[in-house]
Amino acid sequence: MEKKMEKMKKEIKTQNRFYLIIAALFLIAQCTNTSGVLTSAYTNPHSAEFVHGFVLGLVIVVEIFVILQFCKNSKALKDEALLKRLYNERHDERAQQIEALASQKSVQIALILAVAAGFIVCYFSLEAFLGMLGVVILTGVVRKCCKIYYTRTYTLQ
């Protein structure tokens, strides 16, 4: 059990480094957003303000998420009981199965909705239709690549 906890501590430290990198990247994105580089590409001032607000909101949400996860991980590194609870949460087979099923169904539903949205939007804007088509194709390719990878990994074929 001790080896598992040491491995879990190592995973948490790696995850915390990842969270710090994400926080730094989003702070850089906010600096770029504040400088006006992104909004200068828009001729319509309302579109520029919308993009500015969207990026600001996204940065705030991501930063809050990163801070909360970082604090949760840091507490677990200091407290053995919290570390065990976190280990059990992350390695619960039922939760992993539920997550896998939910992820599979959500990708299928998202693809169907993207195709439907692309069909509807094709009457209004070619660019939006092409964007939706790109999302559908990219999602399908990523799904197929993941399926091939995991089939090879877990069935050794």
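The values are calculated or read from the model by the stated rules, or taken from the named source; none is laboratory data. Not measured: the values here are computed from a predicted model. FYI the Cβ positions are ideal-geometry reconstructions off the backbone, even for glycines, and counts take in every protein chain you see.
Quick notes on this structure:
- Residue within segment 25-46 that is over 24 Å from Leu138 (Cβ atoms), touching a Phe, Trp or Tyr at 6+ places or on another chain (Cβ under 6 Å) and in contact (Cβ under 8 Å) with a residue 12 or more places away in the chain present: no
- Flag if Ala48 is assigned to a helix (DSSP H, G or I), surrounded by 13 or more Cβ atoms within 10 Å (Cβ to Cβ) and over 24 Å from the mean Cα position of the chain (by Cα): yes
- Gly53 vs. criteria more than 21 Å from Glu89 (Cβ to Cβ) and modelled with pLDDT under 85: no
- Leading residue by the ranking (farthest from the chain's Cα centre (by Cα)) among those in segment 83-139 that are more than 25 Å from Lys13 (Cα to Cα) and among the hydroxyl-bearing types (Ser, Thr, Tyr): Tyr123
- Residue match in segment 83-90 (condition: surrounded by fewer than 14 Cβ atoms within 10 Å (Cβ to Cβ) and hydrophobic (A, V, I, L, M, F, W, C)): no
- Residue within segment 26-43 that is modelled with pLDDT under 85, outside any helix (DSSP H, G or I) and surrounded by 13 or more Cβ atoms within 10 Å (Cβ to Cβ) present: yes
- Just one of the listed residues (Val107, Val61) is under 30 Å from Leu38 (Cα atoms) and either part of a helix (DSSP H, G or I) or touching an Asp or Glu at 6+ places or on another chain (Cβ under 7 Å) (or both), namely Val61.
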